[in-house]
Amino acid sequence: MNAADTLALLPLILIAATAVMVMLGIACKRSHALAMVLTLVGLAAAFISIADAVTLAPRQVTSLLLVDRYALFYIGLIILSAIAVAVFSYRYFENHGGHREELYLLLLLATLGCAVLVASSHFVSFLLGLEILSVSLYAMVAYLKDGALALEAGTKYLILASASAAFLLFGAAIIYAVTGSMEFSRIREVSANGSGFPLLLAGIVLTITGIGFKLGVVPFHLWTPDVYQGAPAPVAAFVATTSKSAMVALSLRYLLLSGALQYRPIFLVFATIAIASMCAGNLLALRQTNVKRILAYSSIAHFGYILVAFLAGGTMAIEAVSFYLVAYTVSILAAFGIVSVLSRSERDADDLEDYRGLFWRRPVMAGVFTAALFSLAGIPATMGFVGKFYVLDAGAAAAAWPLIIILVVTSVAGLFYYLRVVVALYSAPSELATTQAPSVNHRGAWSGAFMLAVLALLLIWFGVYPTPLLHVIHATMSVPG
């Protein structure tokens, strides 16, 4: 390690240092506001430091981490989404008793794990980042220990995540046995020689199993609706956006460096997972009346869409996936932000009846939620529409016409459950909805309202004029490695 390596890793170092500062702050004085402020300041400093790290990119820091513009783009996305989650967490946890400060420590550690993942070019850093993320998420999901759903969700996530990590470790061990190295790029070199190919293929499939669990795609999706429903709303937002964005970035680098998508069996595996995720996610969401579960099944379908772009490979896949992930992240953060703001200490505002007639009580909230749902549905003039267009373009470049047809058909089916929520927002409020309407806690409400306004502005601005974001993606994207 030298000064240049340290500068390249400065965003990660600042996130880790912020976690230490928050821990020391909790030891000195318990203050919810102080913990939140320290978290936001540290994350903002880490985001600003990306500008210095870009000047050195690409830079291989030991054999474990590759700090290039691809990694820095996703680190920036991860930090910004973590900032949004921290803001919503302050508003949300102000309504709950007990110790709240440790949540920010866990959030920072999970963010650090995500940042390590997106810069990984080696199985050791891959597994290290994954475990830092996973262990933090176990505690975050079950953070409200007095709630039965939270403990159930945390237990399910712990057991299933441990099982998926076993698959991942076994796959990495097989790949190491064949290649003699744990670097992603070594897989391409060995497979070109044709030696040990069947065993190598088995190792790649096992690692895909571990990755598929973290992405929540079919058939590794069973944990998703239960964890989303049981976790605190801001934590569910983090699981749905930040952690999954990190896994998508890592997966794309892994597949491109290893050349795995060049093999027909791997291509068919991803195509099958994409089809199953698009169909199951949209169909299972149709029967839900819980908003969190609707968003959970929706996320399964959305990552099926992203896998369609994966199959294009190369720069086309990177650009399509990157824009779609930004659109998805902003949309889901806005949706879960509404849930967080409207939730109360007794329970989360996750039932569809909680939103019936919301427009007549809080029209701005209803407008933001509508924009988020329209973006998730891919309605024009939102980021989601542009993102879906790029995914279709990438799928067409790969000549994956059956996948494109299924994507279009399932997207139309998905309109139904999004519109169910929208209809509830603007319908006449029932007497039950009026009497059980979530009360407004004005302490900390301004921060959540400000963040929702920013997210709504981004949804519409980049939906109408996506050029600035596209320029950033074009400037920073290249085939990883």
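The values are calculated or read from the model by the stated rules, or taken from the named source; none is laboratory data. Computed from a predicted model, the values in this text were never measured in an experiment. FYI the Cβ positions are ideal-geometry reconstructions off the backbone, even for glycines, and counts take in every protein chain you see.
Worth a mention:
- Taking region 218-248 as the range and being under 19 Å from residue 171 (Cα atoms) and part of a helix (DSSP H, G or I) as the test, the residues that pass are 247, 248.
- Helices (runs of 4 or more DSSP H) enclosed by region 1-87 - at least 3 residues per element that are touching a helix residue (DSSP H, G or I) at 6+ places or on another chain (Cβ under 8 Å) and surrounded by fewer than 23 Cβ atoms within 10 Å (Cβ to Cβ): 10-28, 32-54
- Selection within region 416-451: residues that are modelled with pLDDT of 85 or more, part of a helix (DSSP H, G or I) and farther than 23 Å from residue 92 by Cβ. The member of this set that is nearest to the chain's Cα centre (by Cα) is 418.
- Filter pass, residue 91 being touching a helix residue (DSSP H, G or I) at 6+ places or on another chain (Cβ under 8 Å), part of a loop (DSSP other than H, G, I, E, B) and buried (at least 18 other Cβ atoms within 10 Å of the Cβ): no
- For region 139-162, a residue qualifies if it is surrounded by fewer than 19 Cβ atoms within 10 Å (Cβ to Cβ) and in a helix (DSSP H, G or I), and the qualifying residues are 139, 148, 149, 151, 152, 155, 156, 158, 159, 160, 162.
- Criterion: within 24 Å of residue 455 (Cβ to Cβ), of a type in the set (Phe, Trp, Tyr) and at pLDDT 85 or above - qualifying residue of 213, 238, 220: 238
- Output for region 387-399, where each listed residue is surrounded by 24 or more Cβ atoms within 10 Å (Cβ to Cβ) and hydrophobic (A, V, I, L, M, F, W, C): 391, 394
- Yes/no for residue 253 being charged (D, E, K, R) and not in a helix (DSSP H, G or I): no
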